[in-house]
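Structure, as C-alpha cells:
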Amino acid sequence: MATPHSLHHEGPQKPPPSTTLPLRQHPQQQPQPTQQTVQALPVQPATGLRYPSSKKTIYDRNINRSKTAELSRAAFAYLFIEMIGYAQRRVKGVADLEKRLNEAGQPLGHRLLPLLLHRLPSPPPRPTRILPLLQFITTTLWRHLFGRPADTLERSAANAAEYMISDNEPLVSQYISVPREMGNFNAGAFVAGVIEGVCVGAGFEVEGVTAHGVAEQGGGEGGMWPGKTVFLIRFCAGVLEREEGLGKGM
C-alpha cells in the first residue's frame, strides 16, 4: 500500500507525454456551400445591343464624326454583290429581285434625310416643294453617296407627276456583269429605293421609283455611256394637289 511519502517527489514534476489526436469536426461546423460565399451578379435584361468595354454605343458618338469618311470601292463592291446574291437566292425572277433591292434601299433613305439636313452649314427645314426636294437628292444626297452630283434632272412632258434623274455612270452597276438570262436587270433598283425612302421621309408619297438602263451613243458596250441609268419618280396625286396649292399661295 502506498504511503504519503511515496507520493512526494523533489523538484518539478514532468508532464506526461501527450499524443496529438486528429480533430473531428462536427457536421454543422463544415464550410458553407459556395453559393452563399459568392455574391451573385445582377442579370441585365437583353436589349439586343452589344456594349463595348467603354459602355458606349454608336449613338454616343459625334454625329459629324464620319462626315468626311469614305468607303473603299472594293469594300462597297464586295458587300453590294453579296447583298445581290443573298436576294437572288430568295426570288423567282428579275422583277422580284429588283423589288427586294428597292426595299433594301428605302430604310437607308429614311435615315439619310435627317442626317444630311443636320450636317448642312445652316440646317434648313425639310423641303415642302417638289423641286427643292429633288435638288436636295441630286446634289446633297448624290454627293454623299457617290462623291459627285447627278447628271440631269428632268420633268416628263407627258405626265406632270413624273420626274427623271439621270446618272451616266452609276457606281452600283460598274462591278456587276448581268447574264443574258436575267434580261434587263438593273442594280440601280437599290438606289431607286434610297430615293423613295428620302421622298417618303420628307412627306412626298410616291407611286414608285424605278431604275431603267438607257444606253447612249448607239447603246451597248461601245456607247459613250453604256451603263446610263434613269431613275423615274412618280408622285401621288395628293402631292401634286398640295404643290398646286402652295404655288397659288405664293
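Here, each number is a calculation from the coordinates, and none is a lab measurement. Keep in mind that what you see is a predicted model, and the values were worked out from it rather than measured. All Cβ positions, even for glycine, are placed from backbone atoms using ideal geometry, and neighbour counts span all protein chains on display.
Here are a few things to note about the model shown:
- Counted by neighbouring Cβ atoms within 10 Å, the residues Val172, Val239 run from fewest to most as Val239, Val172.
- Computed from label points 7 Å out along Cα-Cβ, the spacing between Arg90 and Arg111 is 1.7 nm.
- Scaling against 2.2 N^0.38 Å puts the C-alpha radius of gyration of the range 71-249 at 1.05.
- Between Ala237 and Ser53, the C-beta separation translates, for a Förster distance of 45 Å, into a calculated FRET efficiency of about 0.25.
- Summing charges over neighbours of Met164, with a neighbour being any other residue whose Cβ is under 13 Å away from its Cβ, gives -1 when K and R count +1 and D and E count -1.
- With a Förster radius of 22 Å applied to the C-beta separation of Ala77 and His212, the computed FRET efficiency comes to 0.50.
- As a length-normalised measure over Cα pairs under 8 Å and 6 or more apart, the relative contact order of the range 71-249 settles at 25 percent.
- For the range 137-239, the relative contact order works out to 28 percent when only alpha carbon pairs closer than 8 Å and six or more residues apart are counted.
- Label point at Leu246 placed 7 Å out along Cα→Cβ; residues across the range 112-145 whose backbone nitrogen lies under 12 Å: 125-136
- Shown here for the range 70-137: GluC sites (Glu not before Pro) in loop regions (DSSP other than H, G, I, E, B) with at most 15 other Cβ atoms within 10 Å, namely Glu70.
- Cα gyration tensor shape for the range 121-218, rounded if a/c is under 1.5, else prolate or oblate: prolate
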